[in-house]
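Participant: Below are the structure tokens for one structure; questions will follow.
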Amino acid sequence: MQGYQITFFTQQGRRYQGKLLGEWLIHLAMQLGLRGATIVSAAEGFGQSGRLHSARFFDLADQPIEVQMMVTADQADELFLRVEAAGVEVFYVKTAVEYGVLGSPGT
């Protein structure tokens with residue numbers, strides 16, 4: 001299939017409406033009927049502010065995370081509309097990709 005890989009970049013402890021932002025994005029993906037989404041934890045990184053974010057022993061809330069999902073063009077449009085309507089400010093990358101499934105279920 002032709003579509004997009006959407007990757008959102010945020011921090012582990014960042015919240016939206018009482019939920020961790022990464023979890024909120026995962027639940028949004030489920031509501032939109034996407035086939036999957038993954039949270040990837042990183043050791044260290046920095047964003048547009050230039051401030052370093054890292055996973056420290058005493059404070060994992062600042063740990064950088066990525067939320068990745070593969071979507072069709074229509075799903076990408078709906079996803080961005082919903083994030084925008086929620087008023088969530090989050091950096092993302094949208095990359096054109098080809099994706100699919102190989103093999104048989106259960107192997």
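Participant: State the volume of the convex hull built on the alpha-carbon positions of the chain, expressed per residue in Å³ and rounded to an integer.
Facilitator: On the way: hull volume 14.4 nm³, N = 107.
That works out to 135 Å³ per residue.
Participant: Still on this structure, I have one more. What whole-number volume per residue, in cubic angstrom, does the convex hull of the C-alpha atoms of the stretch 61-104 give? List each step's numbers first, then the result.
Facilitator: Values: hull volume 5.9 nm³, N = 44.
In the stretch 61-104, the Cα hull volume divided by residue count equals 134 Å³.
Participant: Say a paramagnetic label sat at a point 7 Å from the Cα of M1, along Cα to Cβ; which residues of the stretch 67-107 have their backbone N under 14 Å from it?
Facilitator: Under 14 Å, as judged by backbone N against the label point of M1, lie 69-79, 97-102 of the stretch 67-107.
Participant: Something else: In whole percent, what relative contact order does the chain give with Cα contacts below 8 Å and a gap of six or more residues? Please report the intermediate quantities before stating the final value.
Facilitator: Details: 180 pairs, mean separation 46.0, N = 107.
Once divided by the residue count of the chain, the mean separation gives 43 percent.
Just so you know, all these numbers are worked out from the coordinates, no wet-lab data involved. These numbers come from a predicted model, not from an experiment. Reconstructed Cβ throughout: ideal geometry from the backbone, glycine too, with neighbour counts over all protein chains shown.
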